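First the structure, in the form of structure tokens, and then the observations on it.
A short reminder: the numbers here are calculations on the coordinates, not readings from a lab. No experiment lies behind these values; they were computed from the predicted model shown. Note that we place each Cβ from the backbone using ideal geometry, even for glycine, and neighbour counts take in every protein chain shown.
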2 protein chains.
Amino acid sequence: MRFKTKEKILLAHGSGGRLTHELVKNLFIRKFSNKILNKLDDSAVIKTKNGQIAFTTDSYVVDPIEFPGGDMGRIAICGTVNDLAVKGAKPLAISAGFIMEEGFEIKTLERIVSSMKKAAKEAGVEIVTGDTKVVERGKADKIFINTSGIGFIEPKIFLSPSKIRKGDSIIVNGNIADHGITVMNARNNLGFKGNIRSDGAPLNGLIKKILSSCKHIRCIRDLTRGGLGTSLNEIAGSSKLSMLINQKDIPISPSAESASALLGLDPLYVANEGKIVLFVKKPEEKKVLNLMKSHKYGRKAKIIGTVLKEKKPQVRMKTLMGGERIVMMLEGDQLPRIC
Amino acid sequence: MRFKTKEKILLAHGSGGRLTHELVKNLFIRKFSNKILNKLDDSAVIKTKNGQIAFTTDSYVVDPIEFPGGDMGRIAICGTVNDLAVKGAKPLAISAGFIMEEGFEIKTLERIVSSMKKAAKEAGVEIVTGDTKVVERGKADKIFINTSGIGFIEPKIFLSPSKIRKGDSIIVNGNIADHGITVMNARNNLGFKGNIRSDGAPLNGLIKKILSSCKHIRCIRDLTRGGLGTSLNEIAGSSKLSMLINQKDIPISPSAESASALLGLDPLYVANEGKIVLFVKKPEEKKVLNLMKSHKYGRKAKIIGTVLKEKKPQVRMKTLMGGERIVMMLEGDQLPRIC
């Protein structure tokens, strides 16, 4: 597919859903095509004579920049740390690129930078290089941050959708949808109570704990833009396998559930900043679950489903009503600028 | 120095000059402080058991996004390749993060992406990972691109201002100020003739050629934001040595010189995207000069000055009139959004 003359970028091109995928496939992959990029993993994995290096980048445009449980700085560090960690890499160093609007308050910048420092410290990684650009008032929205990260992957570790097999168990490390609901609540002053907070957290500690004692972890992915629903669809597409998940087992707080219902949002597509989905060979599912539950970022972990081999790979959910429905990739953009 | 309440980000905080340095020192270095970041080199150099890794990041906000001789895509690749190359690293991989404004034309994006591909191919490096974000119309100016890059540095290579010694020669690889004048001309439709074009170019080939046959290269730096004047001041500050340059030897095209004069700009502070300053032990200056002149990105290379040891390190220029003047670091921002 080629783009038409006068075709424009839409908000949904940044949603992480179907239009993002089309843009990536039809433009970025078409032009830049190479073996590493084409895998579209959370991190690129580069094999060198000096070892396997994971390399990842993300820009952050979340609005508002500060919200309960975190801010743009915290998710900018956690997001990049997590993109490295889900490939089994130990985060080695982070870069930080700031684009700011003329007139942005330096005190706010100080809070964001302090928050980055705190998150980096928790993750055990340092910010080693950076860049600062300023554009005229009205040419950017306060501040945008890019973080990139690098890390080494031990030779024996290889996590990929291609390793997933029929019968594998699907596990998430806790309540979904908190980040997206929190940001939407803060952006629009919706006033939802119930203490919903962003879940932004560096998960490298949790993942390291699991990888160092489990032998059959197939693949891990973090559930950011597009949420659990989109990630499972991406993995189904890459692995050519189907996923059957159980609605009753998907962890979600009552507050996030009722806020989603009121707003007409499907929590399956709401962004998270401290959640992963993990695929493991079934005999090891309990071990992984217990390791997660013993870690502060995995207390509410649940086994949510299983992998099937079917003619046409798809994601399906057993609903609370007992039926089954297909879970599609996110269409449009239900929550722009969530990260 | 701490920032005052209500102090705001100014355009000059993004100039690469004095205010950028103050912001970096008083905020980013103060908060993130670590041995690698504190060096404020073009690339961070990380020593690992698997070798020395160079890691760098830059965001690009140049306005307009397309101009004679290049576009945002070309300089986004060349800038990051050059930041790696000046530390003696072989560029291994590049990331690309796009922040776009809703309504941005996809055809323009295609041209920018093609240009990135072309520059990456010339530099012999691949774009292995990326990210796409979209913000609402009016919340960004068309497109901003972040590129980060990594590369390995051979164990024997160590380029740093700390290696510069009294008597070293200072060499630039060609005409200064073309990029900045071109962008300003294009932005404001000034209509200067004389074929001034952006000099955006990947210099890793040129630098590799020099490093592979010269033994006494001390330090190389690329002359982007803030231009030659600011870079020399940074290096004087780090090396605690003075620089004496000769105005008559600084290569500049007659077109760029007259455009600068008309606009009241000092070409010493105008940004370049394909120029480096190189410090070499004097006996090797001719060899470096000849190697440069035999490469397409060094044909107009010149020895522009020498390093002095003085009580108070500073940058001075012998003017065409025969006098000497101090070259300060860039104050304010003579050309915002030049890269």
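Brief remarks follow.
- Once the convex hull of all Cα atoms in segment A:234-339 is built, its volume per residue stands at 133 Å³.
- Lys, Arg +1 and Asp, Glu -1 on Cβ, resulting dipole of chain A about Cα centre, debye, nearest 20: 1500
- Amide H contacts of residue A:69: A:198, each under 5 Å away and 5 or more positions distant or on a separate chain (H built 1.01 Å from N in the peptide plane; Pro and chain starts excluded).
- When the alpha carbon gyration tensor of the protein assembly as shown is reduced to an equivalent ellipsoid, its three semi-axes come out at 46, 25, 23 angstrom, largest first.
- The Rg/Rh ratio of chain B, with Rg taken over Cα atoms and Rh as the Kirkwood radius over Cα pairs, comes to 0.95.
- Per residue of A:45-57, other chain Cβ atoms within 10 Å of the residue Cβ number 5 on average.
- When residue B:193 is represented by a point 7 angstrom out along its Cα-to-C-beta vector, the spacings to that point in the other copies are 7.5 nm, nearest first.
- Taking every residue in B:115-127 and counting other chain Cβ atoms within 10 Å of its Cβ, the average works out to 2.
- Estimated dipole of the protein assembly as shown in Debye, rounded to 20 [Cβ of Lys and Arg +1, of Asp and Glu -1, Cα centre]: 2340
- Calculated from backbone phi, Karplus (6.51, -1.76, 1.60) coupling profile of segment B:230-239 in Hz, x at Gly/Pro: 5, 4, 4, 5, 4, 5, 4, x, 6, 8
- Separation of segment A:297-315 from segment A:182-259 is 12 Å, based on Cα centroids.
- Count Lys and Arg as plus one, Asp and Glu as minus one, and take only other residues whose Cβ is under 15 Å from that of residue A:247; the net charge is then +1.
- The mean sequence distance of close C-alpha pairs (under 8 Å, at least 6 residues apart), as a share of the length of segment B:223-311, puts its relative contact order at 48 percent.
- Placing a label point 7 Å from the Cα of residue A:266 along the Cα-to-Cβ direction, the distances to the matching points in the other copies come to 6.1 nm, shortest first.
- Entry note, chain A: relative contact order of 24 percent, from Cα contacts under 8 Å with a spacing of 6+ residues.
- Length gained when the stretch residue B:6-residue B:312 is fully extended (0.36 nm per residue, less Cα-Cα span): 106.6 nm
- Per-residue average of Cβ from other chains inside 10 Å of B:83-94: 2
- Ranked from shortest, the separations from the 7 Å Cα-to-Cβ label point of residue A:254 to its equivalents in the other copies are 8.3 nm.
- Close amide H pairs (under 5 Å, H built 1.01 Å from N) link residue B:142 with B:101, residues at least 5 positions away or on another chain.
- Relative contact order %, segment A:115-236, counting alpha carbon pairs below 8 Å whose residues are six or more apart: 33
- Gyration tensor verdict on segment B:161-326 (Cα atoms; rounded if a/c is under 1.5, prolate if a/b is larger than b/c, oblate otherwise): oblate
- Cα-based shape type of segment A:117-195, given that a ≥ b ≥ c are square roots of the gyration tensor eigenvalues and the cut on a/c is 1.5: oblate
- Annotation: the residues A:248, B:275, A:8, sorted from fewest to most other C-beta atoms within 10 Å of their own C-beta, follow the order A:248, A:8, B:275.
- Which listed pairs, of A:133/B:117; A:156/B:49; A:142/B:133; B:215/B:286, have C-alpha distances above 20 Å, in listed order: A:133/B:117
- Overall shape: oblate for segment A:260-318, with the ratio a/c of the largest to smallest alpha carbon gyration tensor axis at 1.5 or above and b/c at least equal to a/b.
- Dipole magnitude (debye, nearest 20) for segment B:161-326, charges at Cβ of Lys, Arg, Asp, Glu: 700
- For segment B:122-193, with +1 on Lys and Arg beta carbons and -1 on Asp and Glu, the positive-most of B:155, B:172, B:190 along the dipole: B:190
- Excluding the site residues themselves, the longest part of chain A lacking any GluC sites (Glu not before Pro) in a DSSP loop with at most 16 other Cβ atoms within 10 Å is A:137-309.
- Measuring max minus min along each principal axis, the C-alpha atoms of segment A:36-182 give extents of 53, 38, 29 Å (largest first).
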